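Structure first, commentary second.
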Amino acid sequence: MNNKLPALKYGLLFLFVLLLAGCSQKKQWAHKDTISLQEQVHPLGIAENEGTIWISAPDQKKLIQINEKGEVLNQQTGLERPMHIDAAAGKLFAPLYLEDQVVTIQNGITDTLSIGIEPDAPAAVSVKGDTIAIADFYNHRIILQSRGQTTTFGEKGSGKGQLNYPTDVEISGDKIYVADAYNNRVQVFDTSGKPLQVIGEKDSINVATGLTVHKGQLFVADFYNNRILVYNLSGNLTQTLSGHFDKPTDIRAIGVDLYIPNYGSYSIVRYTLN
C-alpha cells in the first residue's frame, strides 16, 4: 500500500501540470470564410451600425450596407471618396477624402460634421461618446474634438509623436491608436496628444493602412505584405494572419468575428477565434 502512494501522488501532480499547460494556451485567430461582395467594389473601410455591416467603396463614391452573404441591402451614393468609417448611436460617420470634410448619415439624411478645423484629405474617423478623432492625412496630424473643444496633435516626421500620412485612427479607452501608414508602424497617444508607445517598427510593415483594438489585442492591416499583425497591448507580436488577403485595409470586430476588407478584390475576409 505505502509503495503505491508516491506513484499516485506524482501521477496526480503530472495531470495537474498538464491541465495548467492547457489552460495557459491562448486561443488563436483562424480563417472562417471569405465573403464575396455581390456588387464588385473595392472595399476600404468597415463599420457596424445597429447590427448591420457597412463598407466604404471610395472608388465608387458610396457606402454600402451588406448582409453576411455579401448581398447589398442599402446604399448611400454621391460621396467623394469615403474612407475609414465609424458608427455610433445609429449614425454613420464618413470622412470624405476629396471634400476635406466628415459627414454624418442617419436615416438616409447626410449632414456635415462641425469640427472647427478643416482637414486636408481626412482618411479616418473614430467616435466614442462625445469624443471624435480624425486622421488628417496631408497635414500629418490627428484632429481631436471632445466636449466642444477641438485640438490637434502630430506633425510630419518619423520621430516619436510624429506622423507620416496617418490613414486610420481609433479611440480605445483613454488612448488613441494611429495607423502611421508610411512610417510603417502604429503609434499610441493619450487623449491630450502625448505620445505613449510605438508598435510594429521592427516587423517590416509595408504601409500600415488600418487598425482596431479588440479584447486586449491590437490588429494592424499590413497592406502590401497582405497580412494582419496581431499584438498584445504591450506591443508584442502574438500572431500573424496571412494567406487570405489581397491588400487588406481595415479590421472590425463584429460579434465574435473579425471582418477584414480586401481592397485588392471584391471580398471581406472573416476570422474567428479557434
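Every read-out reported here was derived from the displayed coordinates using simple, explicitly stated rules and does not represent laboratory data. Only a predicted model underlies this, so the values are computations on that prediction, with no experimental measurement involved. Methodologically, a virtual Cβ is constructed for each residue, glycine included, from the backbone with ideal geometry; neighbour enumeration extends over all protein chains shown.
Hydrodynamic radius of region 34-273 by the Kirkwood approach over all distinct alpha-carbon pairs: 17.4 Å. Mean-square fluctuations from a GNM of the chain, with a 10 angstrom spring cutoff on Cα atoms, peak among Ala135, Ala88, Ala208 at Ala88. When the chain is treated as a GNM with alpha-carbon contacts under 10 Å, the residue of Phe219, Phe245, Phe153 showing the greatest mean-square fluctuation is Phe153. Only DSSP H runs of four or more residues enter the estimate; each adds -39500 (n - 2.57), and after division by the residues of the chain the mean residue ellipticity at 222 nm equals -2500 deg cm²/dmol. Annotation note: trypsin sites (Lys or Arg not before Pro) in region 45-100 located in DSSP loop regions with a Cβ neighbour count of at most 13 within 10 Å are Lys69.
Relative contact order (percent) for the chain, with alpha-carbon contacts under 8 angstrom and 6 or more residues of separation?
On the way: 720 pairs, mean separation 40.6, N = 274.
Relative contact order comes out at 15 percent.
In the Gaussian network model of the chain, springs joining C-alpha atoms below 10 Å, which of Gly148, Gly161, Gly90 carries the largest mean-square fluctuation? Ranking Gly148, Gly161, Gly90 by mean-square fluctuation puts Gly148 first. Shown here for region 194-229: trypsin sites (Lys or Arg not before Pro) in loop regions (DSSP other than H, G, I, E, B) with at most 15 other Cβ atoms within 10 Å, namely Lys202, Lys215. In region 116-188, one over the average inverse separation of all distinct C-alpha pairs is 11.9 Å, which is the Kirkwood hydrodynamic radius. For Ile254, the amide hydrogen comes within under 5 Å of the amide hydrogens of Tyr259, counting only partners 5 or more places away or on other chains and with H modelled in the peptide plane. Phi-derived couplings, Karplus 6.51 cos²θ - 1.76 cosθ + 1.60 at θ = phi - 60°, listed residue by residue for region 227-238: 7, 10, 9, 10, 10, 7, 6, 7, x, 8, 6, 10 Hz, with x used for Gly and Pro. Only one residue of Thr77, His244, Thr209 has its Cα farthest out toward the positive end of the dipole of the chain, where Lys and Arg carry +1 and Asp and Glu -1 on Cβ, and that residue is His244.
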